[in-house]
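Report on the structure given below.
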Amino acid sequence: MLNIVLFGPPGAGKGTQSQLLIDKYSLIHLSTGDILRGEIAKGSDLGLQAKSIMDRGDLVPDDVVIKMIQSILEYNLEAKGFIFDGFPRTTAQAESLDNMLADLNTAITTMLSLDVDDDELTKRLLERGKSSGRADDANESIIRNRINEYNTKTAPLKEYYNKQHKLQSIEGVGSIEEINTKLCVAIDNL
Ligand code: ADP
């Protein structure tokens, strides 16, 4: 299997790049943010629990997102591989993912980390907020909180995967096509 953690701060372009990669490599896209927003739209208990947390820009509890991922992995055992987008976001999530994949006799192949500086991220997210309708894109202090959550809880995962010799950092500034090309080169060189 080809299992990719597409990594980077909010606004780095993970969702956009995931779409291009799933088509090219026939992978399943697993975005915890999209799944959570789907639960909110359905009005499920999980969605109700997650909404206020997400609107503040805080992280949803580990056990909630881990359970979500586990059930999706178990339903897609025939897949060629997965792109994990927005997951894992904490060390506990990364350890659980390693264990879940090991139980399925597979593993993370690589972490592709998109590097973009904080000012560029804030600019992109405020711009996206004009049309996304997302409460967490609408206001600069919530965006700063999301970036802060990323820097404190999520960015350490680069070192987690680096220790496993799986980290590849990619400059996330440039055109969508340029960044896509760099990601494809990194995947094809594996
Ligand atoms: P972005 O990367 O632009 O912030 P996402 O759609 O990935 O957007 O995430 C939106 C929100 O969903 C996060 O701020 C967080 O509240 C919640 N979320 C998504 N994935 C996770 C996760 N793996 N762990 C905890 N919370 C998550």
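The values are calculated or read from the model by the stated rules, or taken from the named source; none is laboratory data. In this text the structure is predicted, and so the values were computed from the model without any measurement. Here the Cβ positions follow ideal geometry from the backbone for every residue, glycine too, while neighbour counts run over all protein chains shown. Quick note on the areas: whole protein, heavy atoms, side chains included, nothing else; ligands and nucleic acids left out. Shrake-Rupley method; radii C 1.70, N 1.55, O 1.52, S 1.80 Å.
The table below gives the values:
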{"item": "Cα gyration tensor shape of region 123-190, rounded if a/c is under 1.5, else prolate or oblate by comparing a/b with b/c", "result": "oblate"}
{"item": "Surface accessible to a 1.4 Å probe, Y160 within the full protein complex, Å²", "result": "50 Å²"}
{"item": "Relative contact order (%) - region 2-179, alpha-carbon pairs under 8 angstrom, separation at least six", "result": "34 percent"}
{"item": "Fraction of beta bridges assigned by DSSP in the chain that are antiparallel (%, nearest 5)", "result": "0 percent"}
{"item": "M1 paired with E140, simple spin-label distance in nm, labels 7 Å along Cα-to-beta-carbon", "result": "4.3 nm"}
{"item": "Qualifying GluC sites (Glu not before Pro) in region 158-190, DSSP loop, other Cβ atoms within 10 Å at most 13", "result": "none"}
{"item": "Accessible area of the chain belonging to carbon and sulfur atoms, whole % at 1.4 Å probe", "result": "50 percent"}
{"item": "Surface per residue (accessible, 1.4 Å probe) for region 2-179, Å²", "result": "49 Å²"}
{"item": "Semi-axes of the equivalent ellipsoid for the chain, Cα gyration tensor, largest first, Å", "result": "24, 21, 16"}
{"item": "Candidates per trypsin sites (Lys or Arg not before Pro) in region 66-165, loop by DSSP, up to 16 other Cβ within 10 Å", "result": "K80, R134"}
{"item": "Relative contact order computed over region 75-190 (Cα-Cα under 8 Å; 6+ residues apart), in percent", "result": "32 percent"}
{"item": "Value at 222 nm in deg cm²/dmol, rounded to 500, when DSSP H runs of n ≥ 4 in the chain each add -39,500 (n - 2.57)", "result": "-17500 deg cm²/dmol"}
{"item": "Area of F7 that stays accessible when all protein chains are in place (1.4 Å probe, Å², to 10)", "result": "10 Å²"}
{"item": "Under the Karplus curve 6.51 cos²θ - 1.76 cosθ + 1.60, θ = phi - 60°, whole-Hz ³J(HN,Hα) for region 65-80, x wherever Gly or Pro sits", "result": "6, 5, 4, 4, 5, 4, 5, 5, 4, 5, 8, 10, 5, 8, 5, 6"}
{"item": "Qualifying GluC sites (Glu not before Pro) for region 1-89 [loop in DSSP, other Cβ within 10 Å: at most 16]", "result": "E78"}
